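Peer 1: Sending over a structure as structure tokens; questions will come in a sec.
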Amino acid sequence: MSQITSYRFPFAAYPAIRIMLLMMAGITTALLVNMPLLIGFIFFLFSIFLWALFEFIIRKRNLLAGGHFSSLFYLLLIFTAALLMFQIVEHRKWKSLDNAAPVYLFEWEEAEISGRIRSTGRSGSGRPIFEVDVKSTLFSADVQWNMHYRIRLYGGVNQDYPIQAGDFIHTRIRFYSFPERRNPHEFDYGSWLHSREIAAHGELVELKHVETSRMLNWGPFRAYVQTNADLLFDREYAALAKALLLGYKDELTPETRQEFSRSGLSHIMAVSGLHVGFIVAPFWLIIPFLWGSNKGKWFGLILLTVLLMGYAGLTGFSPSVSRASLMAWLITYGKLFHKVRNSINLTAVAAIIILLINPGQLFEIGFQLSFSAVFIILLLMPQTQKLIPYKYRFGIRGGLISIIMVSVVVQVGLFPILIYYFGEFSIIGPVANALVVPLLSLTVPTGLLLALITPFGPTFFYLIAKPVQFSLKWIHNVANFLGSQSFSYLTFEQAPVSLFLIWICAIFFIAAIHLPQIRWKTLILLMFSMNLLFLELAAKKPVWKTLEVTFLDVGQADAIHIRTPEGKHLLIDAGRWSPMSNSGERVLLPYFDHIGLTRLDAVILSHPHADHIGGMPALLNNLEIAKVYQSDYDYDSALYQSMMEIFEIQNIPVRYPVAGDIIEIDPALRLFVVGPERNAPRDRNPNNHSVALKLVYGQTSFLFSGDAETAQEARIANRYGDFLKSDLYKAGHHASNTSSTEIFMQFVEPEITVASLAFRNVFGHPGRDAVARLHQFSERQKYTSLEGAIRFKSDGNRIKRVEW
């Protein structure tokens with residue numbers, strides 16, 4: 001009988017994989033556990049001691065036991081070394097940021113700084129961006145501060161400055177207030193700045209002196225190529241050319257970025273292995289002429305090193321290019337000198353080198369997408385390519401099918417990461433890639449070559465570049481057409497954690513499908529992880545249906561989103577409007593897009609002031625609104641009249657509730673109208689005709705009084721008395737002194753009060769007297785000006801604060 005042997009993974013063939021995984025585990029542990037640096041150092045020393053003990057002492061006495069434990073503690077040593085390495089990097093970063101804390105005291109004030117330009121760029125709005133390592137700061141004529149820190153500066157729109165990376169500058173700046181994440185959907189810009197060790201940001205007011213750098217840096221060379229791209233291509237395609245050739249995406253509009261993302265083409269602007277392959281491909285044609293002699297081998301290796309370093313420098317040494325360049329160098333070295341070349345192992349070596357340089361790269365999306373995509377291709381493509389009929393596999397038809405298959409494999413393989421970071425997944429990507437990628441094999445190397453030599457004959461090379469521009473136009477049109485279609489992408493909410501386990505198991509199952517010894521084991525793991533997903537989804541589903549109330553931070557205005565127990569969506573007020581922006585476009589639409597909402601079951605507008613209806617035009621143009629409830633106060637403003645016209649055009653029912661009415665939204669709750677009173681005395685103040693509501697869900701209640709002031713609060717208090725008692729009260733009129741009066745608050749007596757207002761406002765809100773009354777009559781006071789958006793949930797028995 002034949003003996004059945006179990007499969008053992010050949011770790012010896014993949015030493016770099018083992019080291020990479022241990023480093024990743026150590027770095028991740030350091031992030032999650034957040035232990036003191038001293039403890040990490042002790043663990044590292046203890047690992048060294050144990051490894052040395054078993055390797056050099058015990059192993060001599062007991063070869064087998066000593067060898068096993070020596071290997072075990074060697075792996076532990078790698079783990080603790082990576083943990084300590086990340087701790088040291090983080091300690092240095094936060095020490096630097098803490099030392100720069102005094103600059104927060106000078107928000108919106110001017111100062112003079114001297115420092116070296118670290119990097120340059122340009123925002124989507126056309127503003128130049130500079131990261132500066134500051135050496136000294138002059139706050140006033142006699143106060144100079146020599147603490148070093150890093151600042152991000154913004155220049156004037158479409159303004160050019162004669163400075164490059166590496167230059168030393170002396171300039172006058174204005175400090176901005178450090179950004180905070182104010183609403184659930186918003187990008188945490190402040191944390192992103194801190195991740196780059198940037199302690200402050202501000203405006204470049206006046207450039208006083210520039211000392212051109214004599215050090216070797218890639219900034220001027222990159223600027224040279226970017227300038228040549230502007231000469232070669234028409235303005236509408238120059239920005240796309242810079243993105244495709246150099247990964248410089250600062251000049252792309254948000255709309256263009258979104259179109260490329262939704263069409264599944266954003267990877268071609270990431271400048272990754274695809275681009276490096278196109279650049280290196282001509283070099284590989286001369287390899288057979290080099291490996292005949294030792295000098296030829298070294299000449300070829302040096303030539304390749306210069307080529308890869310040059311392109312990586314042009315692209316700013318991004319993780320994807322660094323990884324691809326390292327892999328290309330290692331593979332070429334192996335081919336020239338006849339060394340073992342295993343692509344999976346070499347990819348892991350590239351990851352190890354990058355993590356040794358900067359362990360924080362592990363948590364960068366570029367690192368995660370880049371290495372995940374390569375490992376997925378290396379693990380899955382050998383199996384998927386077997387699906388191509390043999391007679392087509394090596395021809396043009398097979399090449400086109402392979403492009404589509406690679407796109408499908410990568411898109412599906414990166415599914416969990418894409419929805420975790422972006423909440424969207426492109427399903428049209430394989431078609432888009434089949435239409436675009438073949439063109440890139442000529443567009444990238446030709447476009448880059450022309451951008452390097454254009455100054456020697458601008459007119460001639462401008463004509464030569466016409467085919468490249470035609471390719472750029474084709475790529476843009478493909479992304480624009482496919483990315484703008486509603487069927488091209490899917491939107492998802494936050495990905496369950498167990499989905500990542502399913503992802504890993506599925507990849508290994510497909511990769512090992514030809515190995516009977518482990519095929520069924522990986523399938524069992526896959527089925528087990530799918531059951532974990534179902535359990536996680538079931539655990540996340542609340543046993544009791546909940547009411548969710550979110551006070552969005554819309555500055556000096558009101559906007560409250562309510563999700564009812566039955567999944568209905570209600571908006572109370574729509575934020576502010578100003579000539580420069582409005583809450584609808586800036587806050588509400590991005591927020592609703594973030595939670596996947598396309599329909600509001602009701603909008604309640606407390607009164608027609610611009611700080612309560614300001615976002616309505618944007619909402620009306622982008623969302624379906626079932627009905628509107630609003631004050632019957634007829635207001636003479638262009639914004640209000642325009643809104644009313646849109647209501648009529650879109651046939652949106654408008655109701656004018658009065659005290660005593662009940663608004664039917666969800667049978668699980670009651671929404672009582674307590675103001676305005678029918679036939680209430682008219683005055684010139686719309687605030688005193690606000691729609692005021694009491695929401696009751698189970699044993700919990702919320703009171704929303706709009707901008708009701710003294711007169712209306714008195715009428716409501718006289719009519720409803722103890723009925724006003726509520727667990728949560730939205731402070732009237734942004735905590736103005738004319739609202740939340742004593743006669744009103746003595747009946748409300750809330751446990752929680754929430755005031756919606758801007759930190760800096762011309763009205764002096766919150767009023768001193770109002771704050772005192774809120775403190776007197778409520779146990780906890782919350783202000784959006786201090787905390788940003790504030791969210792609460794109620795299960796019908798109690799209300800609790802929820803972090804977002």
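The values are calculated or read from the model by the stated rules, or taken from the named source; none is laboratory data. Remember, predicted model here, so these are calculated numbers, not experimental data. Cβ placement follows ideal geometry from the backbone for every residue including glycine, while neighbour counts extend to all protein chains displayed. Just so you know, the surface numbers come from the protein's heavy atoms only, side chains and all, with ligands and any DNA or RNA stripped out. Shrake-Rupley method; radii C 1.70, N 1.55, O 1.52, S 1.80 Å.
Peer 1: To the nearest Å, what is the center-to-center distance of the stretch 654-683 and the stretch 157-200, using C-alpha atoms only?
Peer 2: 47
Peer 1: A follow-up question, please. Quick check: convex hull over the Cα atoms of the stretch 707-755, volume per residue in Å³, rounded to an integer? Intermediate results must be reported in sequence, preceding the final value.
Peer 2: Details: hull volume 2.8 nm³, N = 49.
Value for the stretch 707-755: 56 Å³ per residue.
Peer 1: At most 15 other Cβ atoms within 10 Å and a DSSP loop assignment: could you name the GluC sites (Glu not before Pro) in the stretch 94-163 that fit?
Peer 2: Values: sites: E107, E109, E110, E112, E131; in loops: E107, E109.
The qualifying sites are E107, E109.
Peer 1: Here is a follow-up. Against the globular-protein guess of 2.2 N^0.38 Å, express the Cα radius of gyration of the stretch 645-701 as a ratio, rounded to two decimals. Write out the running numbers ahead of the final one.
Peer 2: Numbers: Rg = 14.0 Å, N = 57, 2.2 N^0.38 = 10.2 Å.
Working it through for the stretch 645-701, the quotient is 1.37.
Peer 1: Per residue, how much accessible area does the chain show when a 1.4 Å probe rolls over the protein heavy atoms, in square angstrom? Mind dumping the intermediate values first?
Peer 2: Details: 39910 Å² over 804 residues.
Per-residue value: 50 Å².
Peer 1: Moving to a separate point now. For the stretch 89-132, list residues with backbone N below 13 Å from a point placed 7 Å from the Cα of S177 toward its Cβ?
Peer 2: Backbone N within reach: 105-109.
Peer 1: Still on this structure, I have one more. Any idea what Rg and Dmax come out to for the stretch 652-804 if you just take the C-alpha atoms, in Å?
Peer 2: Cα-based Rg and Dmax for the stretch 652-804 come out at 15.1, 42 Å.
Peer 1: If all Cα-Cα distances of the stretch 105-209 are sorted into 5 Å bins from 0 onward, what percent lands in each bin, rounded to whole numbers?
Peer 2: For the stretch 105-209, the pair-distance distribution reads 3, 12, 23, 26, 19, 11, 4, 2, 0.
Peer 1: Would you please classify the overall shape of the stretch 153-245 from the alpha carbon gyration tensor, given that a ≥ b ≥ c denote the square roots of the eigenvalues, rounded means a/c under 1.5, and beyond that prolate means a/b larger than b/c while oblate covers the rest? Before the final figure, lay out each step's value.
Peer 2: Details: a/c = 1.97, a/b = 1.26, b/c = 1.56.
Oblate shape, in that a/c is at least 1.5 and b/c is the bigger or equal ratio.
Peer 1: Once the principal axes of the Cα atoms of the chain are found, what is the range along each, listed largest first in whole angstroms?
Peer 2: 100, 77, 63
Peer 1: Working only with C-alpha atoms, what are the Rg and Dmax values of the stretch 594-667, expressed in angstrom?
Peer 2: 12.5, 37
Peer 1: As a test question: what accessible area, to the nearest 10 Å², does M269 have when a 1.4 Å probe is rolled over all protein chains in place?
Peer 2: For M269, solvent-accessible area is about 10 Å².
Peer 1: Then there's this: In percent, how large is the relative contact order of the stretch 239-381, given Cα pairs closer than 8 Å and 6 or more residues apart? Can you show the working numbers first?
Peer 2: Values: 123 pairs, mean separation 28.2, N = 143.
20 percent.
Peer 1: Under the √(5λ) rule applied to the eigenvalues of the Cα gyration tensor, what semi-axes describe the equivalent ellipsoid of the stretch 557-685? Give them in Å, descending. List each step's numbers first, then the result.
Peer 2: On the way: eigenvalues 93, 82, 32 Å².
So the equivalent ellipsoid measures 22, 20, 13 Å along its semi-axes.
Peer 1: I've got another one for you. For Q650 and L138 in the same chain, what is the full-extension length gain: residue separation times 0.36 nm, less their Cα-Cα distance, in nm? Write out the running numbers ahead of the final one.
Peer 2: On the way: separation 512, 0.36 × 512 = 184.32 nm, distance 5.79 nm.
Computed gain between Q650 and L138 is 178.5 nm.
Peer 1: Which of the chymotrypsin sites (Phe, Trp or Tyr not before Pro) across the stretch 69-161 are loop residues per DSSP, with 14 or fewer other Cβ within 10 Å? Could the numbers behind the result be given before it?
Peer 2: Working: sites: F69, F73, Y74, F79, F86, W94, Y104, F106, W108, F130, F139, W145, Y149, Y154; in loops: W108.
In loop regions of the stretch 69-161 (DSSP not H, G, I, E or B), the sparsely surrounded chymotrypsin sites (Phe, Trp or Tyr not before Pro) are W108.
Peer 1: Under a crude label model (7 Å from the Cα following the beta-carbon direction), how far is L452 from S125 in nanometres?
Peer 2: 3.8
Peer 1: With viscosity set to 0.890 mPa s at 25 °C, what whole-number translational diffusion coefficient in µm²/s follows for the stretch 295-388 from Stokes-Einstein and a Kirkwood radius over Cα pairs?
Peer 2: 171
Peer 1: Looking at the stretch 116-206, send over the antiparallel percent of its DSSP beta bridges, to the nearest 5. Mind showing how you got there, number by number?
Peer 2: Details: 20 of 24 bridges.
The antiparallel fraction comes to roughly 85 percent.
Peer 1: What nm distance separates the two modelled labels at K60 and L523, each placed 7 Å from Cα along Cα→Cβ?
Peer 2: Computed distance between label sites K60 and L523 equals 5.3 nm.
Peer 1: Angle, helix 343-357 long axis vs. longest principal axis of the chain, Cα atoms, 0 to 90°, nearest 10?
Peer 2: Approximately 60 degrees, to the nearest 10.
Peer 1: Can you pull the one-decimal nm distance between simple spin-label points at N358 and S343, each 7 Å off the Cα toward Cβ?
Peer 2: Output for this residue pair reads 2.7 nm.
Peer 1: Of K335/K521; K627/K725; K545/K730; K93/K297, which ones are farther than 32 Å apart at the Cα? Don't skip to the answer; put the middle values down first.
Peer 2: Values: K335/K521 36 Å; K627/K725 28 Å; K545/K730 23 Å; K93/K297 42 Å.
In this structure, K335/K521; K93/K297 lie more than 32 Å apart at Cα.
Peer 1: Using a 1.4 Å probe on the protein heavy atoms, what percent of the accessible area of the stretch 104-232 belongs to carbon and sulfur? Walk me through the numbers on the way to the answer.
Peer 2: Details: 3290 of 6490 Å².
Carbon and sulfur: 51 percent of the exposed surface of the stretch 104-232.
Peer 1: What is the local net charge at L482, summed over the other residues whose Cβ is closer than 10 Å to its Cβ (Lys, Arg +1; Asp, Glu -1)?
Peer 2: Details: positive: R262; negative: E259.
Every neighbour counted, the sum reads 0.
Peer 1: How are the Cα pair distances of the stretch 636-732 distributed, in percent, across 5 Å bins from 0?
Peer 2: All Cα pairs, binned at 5 Å, distribute as 2, 12, 20, 21, 18, 15, 8, 4, 0 percent.
Peer 1: Next question, about the same structure. If you take the square roots of the eigenvalues of the alpha-carbon gyration tensor of the stretch 720-804 and sort them as a ≥ b ≥ c, do you get rounded (a/c under 1.5), prolate (a/b over b/c) or oblate?
Peer 2: Details: a/c = 2.39, a/b = 1.10, b/c = 2.17.
It is oblate, given that a/c is not under 1.5 and a/b is not larger than b/c.
Peer 1: Of all the C-alpha pairs in the stretch 319-374, what % are more than 14 Å from each other? Walk me through the numbers on the way to the answer.
Peer 2: Working: 779 of 1540 pairs.
Roughly 51 percent, rounded to a whole number.
Peer 1: Another one. Please sort by residue number the GluC sites (Glu not before Pro) in the stretch 735-804 whose DSSP state is loop and whose Cβ has at most 16 other Cβ atoms within 10 Å. Show your work: numbers first, answer last.
Peer 2: Numbers: sites: E742, E751, E779, E787, E803; in loops: E751, E779, E803.
Here the GluC sites (Glu not before Pro) that fit, given the DSSP loop and packing criteria, are E751, E779, E803.
Peer 1: Same structure, new question: Tell me, what % of the accessible area of the stretch 603-686 is carbon and sulfur with a 1.4 angstrom probe?
Peer 2: On the way: 1790 of 4000 Å².
Reported share for carbon and sulfur atoms: 45 percent.
Peer 1: I would also like to ask the following. Using a probe of 1.4 angstrom, how much of the accessible area of the stretch 721-804 is carbon and sulfur, in percent?
Peer 2: Values: 1870 of 3940 Å².
So the carbon and sulfur contribution to the accessible surface is 48 percent.
Peer 1: While we're looking at this one, here's another question. Grab the eigenvalues of the alpha-carbon gyration tensor for the stretch 228-334, scale each by 5, take roots, and send me the semi-axes largest first in whole angstrom. Spell out each step's value before the answer.
Peer 2: Working: eigenvalues 204, 39, 23 Å².
In descending order the semi-axes read 32, 14, 11 Å.
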